[in-house]
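Asks: Pasting a structure below so you can have a look.
The values are calculated or read from the model by the stated rules, or taken from the named source; none is laboratory data. Everything numeric here is computed off the predicted structure, so don't read it as measured data. Quick reminder, even Gly has a Cβ in these numbers, built from the backbone with ideal geometry, and neighbours come from all protein chains shown.
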Amino acid sequence: MKPVIVFDLNGTLLDLSALDSSFERLFGDRQARAEWFTEVLRIALTTTAVHAYAEFSGITQAGLKVIEGRRQRELNVSERSELMDGMLRLPPFPDVREGLESLRAADFRLVVLTNSGLEAALEALEHAGLNRYFERVLSAHSVQRLKPAAEPYQMAARVLGVEMGSLMLVAAHSWDVAGAIAAGCQACFVNRQDPVLDEITAKPALVASSLIDLATQLASSPPTA
């Protein structure tokens, strides 16, 4: 039985670097976008570690305000909205459509599991032209816990009607991969930015350079659920 392929959204399917030019214009440095998203992840992971919950949209805004304070550049409402709305208009990475087409052609079930709210995720996928590839789009908001806590992965298995070991989480974030593995899922790390996994975090079953590479690996040596 083939595993159900469960994709992370931001940074795995959708390319956050599309926001670089806006961050450069507003902060004078395109690296501010990477700094912002690192802060977003820090807040999300901290929130999860202390068993609290905050909506991801609120976390993205809180992270932006940290960058404003750090760089001593207070944005106005319109400027903040520009950046937050940009999260809903991200393009897919160049390999995504071909990779998804190949996986669909090989009869894999494809699903999205994201920390973003459901409406935001659906809007982002529609804008990127990817919504037609996925059987379901699932949000961690429904269980009031963010990945990498176990609850979102458990919810995905429950909603999809499969065992935990029948899910393969595909993500470009090692913390997401680690969360999925700890919850009992299979996992694939897509090395979008950093091809080196640390020596402590749990190792995934697969490491891929792109979704095309993932489809090729699954075709040549498909894991079983």
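Asks: Looking only at segment 136-147, decide whether some residue is hydroxyl-bearing (Ser, Thr, Tyr) and surrounded by 15 or more Cβ atoms within 10 Å (Cβ to Cβ).
Replies: Checking segment 136-147: at least one residue is hydroxyl-bearing (Ser, Thr, Tyr) and surrounded by 15 or more Cβ atoms within 10 Å (Cβ to Cβ).
Asks: Any idea which of Asp8, Asp29 is charged (D, E, K, R) and within 19 Å of Glu82 (Cα to Cα)? Walk me through it before giving the result.
Replies: Working: Asp8 fails: within 19 Å of Glu82 (Cα to Cα).
On inspection, the qualifying residue turns out to be Asp29.
Asks: Give the residues of segment 30-40 that are touching a residue at least 24 places away in the same chain (Cβ under 8 Å) and more than 16 Å from the chain's Cα centre (by Cα), sorted by residue number.
Replies: Ala32, Glu35
Asks: Go through (1) closer than 28 Å to Val4 by Cβ; (2) not in a helix (DSSP H, G or I) one by one and return the number of the condition Leu45 breaks.
Replies: (2)
Asks: Going through segment 173-201 one residue at a time, which ones are modelled with pLDDT of 95 or more and farther than 13 Å from Pro148 by Cα?
Replies: Gln186, Cys188, Phe189, Val190
Asks: Are there any pairs with C-beta distances below 6 angstrom linking a residue in segment 123-137 that is touching a residue at least 24 places away in the same chain (Cβ under 8 Å) and assigned by TED's automatic domain parsing to the domain that holds Val96 to a residue that is small (Gly, Ala, Ser) and surrounded by 13 or more Cβ atoms within 10 Å (Cβ to Cβ), with the two at least 6 apart or on different chains, and if so which?
Replies: Val137/Ala121
Asks: State whether the residues of segment 12-34 include one that is buried (at least 21 other Cβ atoms within 10 Å of the Cβ), part of a helix (DSSP H, G or I) and polar (S, T, N, Q).
Replies: No, segment 12-34 contains no residue that is buried (at least 21 other Cβ atoms within 10 Å of the Cβ), part of a helix (DSSP H, G or I) and polar (S, T, N, Q).
Asks: Right, next: Which of the helices (runs of 4 or more DSSP H) contained wholly in segment 63-164 include at least 2 residues that are more than 14 Å from the chain's Cα centre (by Cα) and over 18 Å from Ser22 (Cα atoms)?
Replies: Working: elements: 77-86, 96-105, 118-128, 150-160.
Fully inside segment 63-164 and qualifying: 96-105, 118-128, 150-160.
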